[in-house]
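The values are calculated or read from the model by the stated rules, or taken from the named source; none is laboratory data. All values reported here derive from a predicted model rather than from experimental measurement. With ideal geometry, Cβ positions are generated from the backbone for all residues, glycine too; neighbour counts draw on all protein chains shown.
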Amino acid sequence: MTLNNHPDLKKLFHDSHLPDVDVTEKVMKRIYAEQQPKARFMTRRKLSLFIAIGLLVTASTAVAMVEYHSIKNKQGEVVYQTGPLKDSDFRVPSKEESMRTGTSERLKQELLPKGSAAYFYVVPHNPNKELDLKFTPFVFTDVADLRANMKDKSVQIVGSLNETLTFRIAEVFYQPEVLSKPPTPKEEAAIADKLHKQAKEAKKDYAMMPLTFTDQLMHMSATYSHRDKVIEVTTRKHVKDGDSIPATYWDEDINMKQEVLTVDGVELLYIKFEQSGSSLTWVDENSDPKYQYVYEIHAVSGKTTKEELLKMAELYMK
């Protein structure tokens, strides 16, 4: 099974996803990853690599000499890191993979309504009989409804970032059941064979099987705006697993400056992009001992200072 449905991809890539990803419209600029020793690009059992567009930043033609940073918790342990793309496990997908996952991504957009999940089996360009797991976000336009539907109350949700920047919309990705209780290789092969047979009987080049969700958050993206100013706040769940550390890998042609800041003993990573935009990232370790949340505030449009981003972050760190 390949899983190419990371929400950051949906939000910024759309129509794309890499290795287990379709690159069709935009150039990949950024990779979110769980850094694991000997990790594959995507494991059968868990998300080990996330890919996303680099914050809609136009890359400079000059070679950027970026000094990459990490942030640590109060015990001095690294809890989040950044680096160049060459240090990641990213690999260019084969033509067969790209064509197959491109088809499954198109089918997802055509057939899956918001808040749904399915296995897609694409007949062409699928010599290994792979299943593609696809799912779409639940959409909330009322912050009270969002809070009511969030089972994990440790997830920070705010109604406004300041006097003018108010909540507009949130896309929430919950974990499908097949990720919390994955099928065995034998069961997965049986599902692929069943869907392959259904596709042939229907004389179609695909078949799909609807799936259900758990109530466990994987990723959330909330948008706040006022006039031309837009702020996006993302929350990503990271399961603590051995030496696994959440990380972001950047295409080396993006010019940026990174700086580690501190608020009440908590380190945050501030990034200022040469062309436009900025972001602030930190890790909340005050949740369940089995997992933690990575928060990022991204200034999408309009002028936002470092000090303003810090004030917004403090709302989530209370």
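A few notes on this one:
- For the range 227-293, the strands (runs of 3 or more DSSP E) that sit wholly inside it and include 2 or more residues that are under 23 Å from residue 155 (Cα atoms) and in contact with a strand residue (DSSP E or B) (Cβ under 6 Å, 6 or more places away or on another chain) are 229-239, 245-250, 266-273, 278-284.
- Index of the failed condition, residue 307 passing every other in (1) modelled with pLDDT under 95; (2) loosely packed, with under 15 Cβ neighbours inside 10 Å: (1)
- Out of 315, 261, one residue alone is over 20 Å from the mean Cα position of the chain (by Cα), touching a residue at least 40 places away in the same chain (Cβ under 8 Å) and closer than 19 Å to residue 69 by Cα. It is 261.
- Residue 221 being under 30 Å from residue 69 (Cα atoms), buried (at least 16 other Cβ atoms within 10 Å of the Cβ) and out of contact with any helix residue (DSSP H, G or I) (no Cβ under 9 Å at 6 or more places or on another chain): no
- Any hit, the range 239-249, residues being more than 19 Å from the chain's Cα centre (by Cα), at pLDDT below 90, buried (at least 20 other Cβ atoms within 10 Å of the Cβ) and farther than 17 Å from residue 315 by Cβ: no
Let's see how each residue does on (1) aromatic (Phe, Trp, Tyr); (2) out of contact with any Leu (no Cβ under 7 Å at 6 or more places or on another chain); (3) under 30 Å from residue 126 (Cα atoms):
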| position | (1), (2), (3) |
| --- | --- |
| 155 | no, no, no |
| 211 | no, yes, yes |
| 227 | no, yes, no |
| 230 | no, yes, no |
| 245 | no, yes, no |
| 251 | no, no, yes |
| 256 | no, yes, no |
| 266 | no, yes, no |
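- Strands (runs of 3 or more DSSP E) enclosed by the range 123-217 - at least 3 residues per element that are surrounded by 13 or more Cβ atoms within 10 Å (Cβ to Cβ): 132-135, 166-176, 206-211
- Meets criteria (farther than 18 Å from residue 175 by Cα, in contact with a Lys or Arg (Cβ under 9 Å, 6 or more places away or on another chain), touching a residue at least 24 places away in the same chain (Cβ under 8 Å) and of a type outside the set (Phe, Trp, Tyr)) for residue 254: yes
- Which numbered condition residue 190 misses (of (1) over 30 Å from residue 77 (Cα atoms); (2) in contact with a helix residue (DSSP H, G or I) (Cβ under 8 Å, 6 or more places away or on another chain)): (2)
- Just one residue in the set 312, 317 is over 27 Å from residue 178 (Cβ atoms) and modelled with pLDDT of 95 or more; that residue is 312.
- Qualifying residue in the range 52-64 (condition: at pLDDT below 90, within 30 Å of residue 185 (Cα to Cα) and assigned to a strand (DSSP E or B)): yes
- Residues in the range 203-253 that are under 24 Å from residue 110 (Cα atoms) and polar (S, T, N, Q): 212, 214, 221.
- Within the range 99-129, the residues that satisfy the criterion of being in contact with a Leu (Cβ under 8 Å, 6 or more places away or on another chain) and hydrophobic (A, V, I, L, M, F, W, C) are 117, 118, 120, 122.
- Among the residues of the range 254-280, those identified as of a type in the set (A, V, I, L, M) and closer than 20 Å to residue 74 by Cα are 260, 261, 263, 266, 268, 269, 280.
- Residue check for residue 110: more than 22 Å from the chain's Cα centre (by Cα), over 18 Å from residue 193 (Cα atoms), surrounded by fewer than 16 Cβ atoms within 10 Å (Cβ to Cβ) and free of Cβ contacts under 8 Å to residues at least 40 places away in the same chain: no
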